[in-house]
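> Can you read through this structure? Questions will come right after.
The values are calculated or read from the model by the stated rules, or taken from the named source; none is laboratory data. Because the structure is a prediction, the values reported are computed rather than measured. Note that we place each Cβ from the backbone using ideal geometry, even for glycine, and neighbour counts take in every protein chain shown. Protein only, heavy atoms only, side chains kept; ligands, DNA and RNA dropped before computing areas. Shrake-Rupley method; radii C 1.70, N 1.55, O 1.52, S 1.80 Å.
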Amino acid sequence: REVHDQIGQIFTGIKMILRTLRPDSLAPEQQTALTQAIDMGVQTTRRIAAELRPPLLDDLGLPQALAHYLKTCFDPVGIAYTLDIPQAHGLSGEQMTQVFRVVQEACTNICRHAHASHVEISCNTTNEEFVLYIDDDGVGIAADKVREGALGLVGIHERAQMMGGAAEVTRLASGGTRVAVHLPSVRSANPSGRPV
């Protein structure tokens, strides 16, 4: 909301200042280019804000938000996928946001590097933890080929750690790659089962 509201207000303010300039202050092509740049900035801000905290997470929950994202991510590039994440998974709102962002990071990497034809996203839940699995059937990750400071993998590990969990990225026996993210369940810190 802060990204959307504050940066959006800045662009709106610039647009209002532009409207107060004398008509001959800028050449017509300059005014057109500046207006287009501002409009693009507003659209980009909205897109980034939606990706940081997708409205579907609040409206429909994690499975539906992921289903919508996977369709927009994989359908255009022809990658098949399966999604098996139940609605009741014992995660806090912040954990759901981080799980969504981890899936985004992993799927971006898959589209760029894996040459995969199928991706499977699933989870395993207990009273103690939620484990997210993202498996692809691509070329597989090789530790010695990972770019130093690769932001996608760093981001996945950092997001898991922020939530008190851990992430593992391993090569599957079949040749693809598995991203596994372990997060403590909210239920484990709240045995009564009451909302936290």
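> ³J(HN,Hα) across segment 161-177 via Karplus (A = 6.51, B = -1.76, C = 1.60, θ = phi - 60°), whole Hz, x for Gly/Pro?
Each residue of segment 161-177 in turn: 5, 4, 9, x, x, 8, 10, 10, 10, 9, 8, 7, 4, 6, x, x, 10 Hz.
> Amide H neighbours of L172 under 5 Å, at least 5 residues apart or on other chains, H built in the peptide plane: list them.
I141, T177, R178
> Just going by the charge dipole of segment 21-145, with Lys and Arg at +1 and Asp and Glu at -1 on Cβ, which of C111, N124, L62 is farthest out on the positive end?
C111
> Can you give the FRET efficiency to the nearest 0.05 for Q30 and N127, using r as the Cβ-Cβ distance and R₀ = 45 Å?
The computed FRET efficiency comes out at 0.10.
> Can I ask one more? For the full complex of protein chains and a 1.4 angstrom probe, list E168, E128 by accessible area with the highest value first.
Solvent-accessible surface, decreasing: E128, E168.
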